[in-house]
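The values are calculated or read from the model by the stated rules, or taken from the named source; none is laboratory data. Given the structure is predicted, the values throughout are model-derived calculations rather than measurements. Positions of Cβ are backbone-derived with ideal geometry, glycine not excepted, and every protein chain shown enters the neighbour counts. Ligands, DNA and RNA are stripped out before the accessible areas are found, and what is left, the full protein with its side chains, is counted by its heavy atoms. Shrake-Rupley method; radii C 1.70, N 1.55, O 1.52, S 1.80 Å.
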Amino acid sequence: MATTFALLSCILCVSVTLADVPPYEEKYFNQTIDHFNFKSYGNQTYLQRYLVQDKWWSVGKGPIFFYTGNEGDITDFWAATGFVHDIAPQFGALVIFAEHRYYGKSLPFGDKSFEGTNVGLLTVEQALADYAVLLTTLKAELSAPNVPVIAFGGSYGGMLSAYMRFKYPNVIAGALAASAPIFMLDPDFDRSFFFSLVTKDFFQAGVDCLGKVEEGFSAMDQLAKQGPAGLQKLSELLQLCSPLANNGSAYQQLQGWVRNAFTFLAMLDYPYPTDFLGTKLPAQPVKAACRVLMNATNPVVGLAEASAVYYGSPKCNNITAQFIECADPTGCGLGPNAWAWDYQACTEITLPSGSNGKTDMFPDLPFTQAMRRDYCLKRWGVAPRLQWPSVQFWGRRIHETSNIIFSNGDLDPWRGGGVLSSVSDSVVAILVKGGAHHLDLRGSNKLDPPGVIEAREKERFHIRLWVNSAMTP
């Protein structure tokens, strides 16, 4: 995902300066390494990072707004989750953002966290227990044992917020789970939704745009079939740093690199410019890419220039450095955070299948369960247990829970795995019209569409109900 579906989901608006982002205090908590096996690591702990802002807190009385950190550095999520900061003063809330184990600086075994069996403690269950223990301890230390905690999260973080309410209702009074595709983990769920919804986003930007994308991939195929001469031409048109090798894997890497760009343009199709980890996107990047495609004199060059809307315009494109194939066909990102997400995609977080070239605009790049299993066994020595998530995280049988908002944007390709209909009066689905990947969690912006303004008002209403109910004797 992330962020992939979540990893890359929290994007900071360019107009936001460091001075605009609320300050925080960085702290570390001596967290239990293994919550579920008393013998394996004894009392061994690791330092879990968390961020705190108490400027608005009505000490001992106001609620705690708790962000369930997902697959990345927690400071990035702090900077990009402005909705929490916007409403904290109204509630007199203490704001805490907790970093997920194995991401950012929260590495249980330091530089050896991904070696051998060390990585085996990277599970959703362990992460949820981290959050529950952290909150329970901090509430006691702050002499605020009875204040309600509202969980917030986007994408994978949104899934975690919902799971915290499922698993620890004694700790979490309510949860806002934004762009959280929890139904995707049900073993019987159709995971072919993702790339068809990316395609729909580009179709809505203009049917001619969709045709240009398909024309570009077709032209790539024609050149690739010509052998070394065609591959050399492709390398030149796409301005690659190294010529494509004359083998199928090199060409597949190229196709995946292009597909990855279009994937994130759709996910991050915000109405204003954004900047995340050095990746700057214009306002409405899907339409920006379509304009480039329509104006290109060559369909392959059009794909290259549209991809540059996401990747930027370096002197040359290093496709093996900018995109790495992994267990998540929507992209794992780069670096140690990507390793962690790759492992999770090989165990509990079963992500979408690949593209097929029929229901989507992309090349036929399948990623079946058998292919995922083979990859995961080779890479990590593990294989997904497809039935386990539906047992542990309820699958689609969520009617027994309460006090959760599931929000999804109608421009977000992850909505296909989300909760799109309300389950009860207290398990509410909100459609964010004009919203890309958890736009509602971002801070208020003058370019926000009416749909996200309306969604945030509904979210604020339900959060107020939960807080008031929890604080009523």
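About the Cα centre of the chain, how large is the charge dipole given +1 on each Lys and Arg Cβ and -1 on each Asp and Glu Cβ? Please answer in debye to the nearest 20.
240
Would you mind checking which residues have amide H under 5 Å from Ala175's amide H? H placed 1.01 Å from N; only 5 or more apart, or other chain.
Ala151, Ile404, Ile405
Could you tell me what percent of the accessible area of the chain is made up of carbon and sulfur, with a 1.4 Å probe and every protein chain present?
Looking at the chain in its full context, I get 53 percent from C and S.
Hey, for a label at Asn246 modelled as a point 7 Å past Cα toward Cβ, could you say which residues of segment 199-233 have their backbone N under 19 Å away?
Those under the cut-off are 221-233.
Using protein chains only and a probe of 1.4 angstrom, how many square angstrom of His399 are accessible, to the nearest 10?
His399 exposes around 100 Å² with every protein chain in place.
Span-like helices, the chain: DSSP H, alpha-carbon axial extent 20 Å or more, mean Kyte-Doolittle 0.5 or greater, which ones?
Flagged H segments are 124-141.
Using a Förster radius of 60 Å, what is the FRET efficiency between Asn468 and Glu236 based on their Cβ-Cβ separation? Nearest 0.05, please.
In this case the efficiency is close to 0.40.
Using a probe radius of 1.4 Å on heavy atoms only, what accessible surface per residue do you get for the chain? Whole Å² is fine.
40
Quick one: if you stick a label point 7 Å off each Cα along the C-beta vector at Lys112 and Tyr41, how many nm between them?
Reported label-point gap for Lys112 and Tyr41 is 1.3 nm.
Residue farthest toward the positive end of the dipole of the chain, with Cβ of Lys/Arg at +1 and Asp/Glu at -1: which of Val309, Leu465, Thr81?
Leu465
Send over the semi-axes of the chain's equivalent ellipsoid, whole angstrom and largest first, taken as the square roots of 5 times the C-alpha gyration tensor eigenvalues.
With the √(5λ) rule applied to the chain, the semi-axes are 38, 25, 20 Å.
How many nm separate the modelled label positions at Arg379 and Thr359, each set 7 Å beyond the Cα in the direction of the Cβ?
Placing both labels 7 Å beyond Cα along the Cβ direction yields 2.3 nm.
Under 14 Å from a point placed 7 Å out from the Cα of Val207 along the Cα-to-Cβ direction: which residues of segment 408-422 have their backbone N that close?
It comes to no residues whatsoever.
For the chain, what does -39500 (n - 2.57) per DSSP helix run (n ≥ 4), summed and divided by total residues, give at 222 nm, in deg cm²/dmol to the nearest 500?
Rounded to the nearest 500, it is -12000 deg cm²/dmol.
Scan around Gly443 for amide H atoms under 5 Å from its own, H built in the peptide plane at 1.01 Å from N, and keep only partners 5 or more places away or cross-chain.
Hits under the 5 Å cutoff: Gly82, Phe83.
Report, in listed order, any pair from Lys27/Lys280; Lys112/Lys378; Lys200/Lys358; Lys55/Lys139; Lys27/Lys55 with a Cα-Cα distance greater than 21 Å.
Exceeds cut-off: Lys27/Lys280.
Which percent, nearest 5, of DSSP beta bridges in the chain are antiparallel?
Approximately 45 percent, going by the DSSP bridge assignments.
May I ask you to list the GluC sites (Glu not before Pro) in segment 100-178 that are in a DSSP loop and have at most 10 other Cβ atoms within 10 Å of their Cβ?
Glu115
To the nearest 10 square angstrom, how much accessible area does Glu457 have with a 1.4 angstrom probe?
Rounded to the nearest 10, the figure is 100 Å².
When the Cα centres of segment 167-188 and segment 127-152 are compared, how far apart do they sit, in Å?
Using only Cα atoms to place each centre, the spacing works out to 18 Å.
As I understand it, the dipole of segment 190-283 uses +1 on the Cβ of Lys and Arg and -1 on the Cβ of Asp and Glu, about the Cα centre. Which of Gln255, Gly206, Thr274 lies farthest toward its positive end?
Positive-most Cα among the choices belongs to Gln255.
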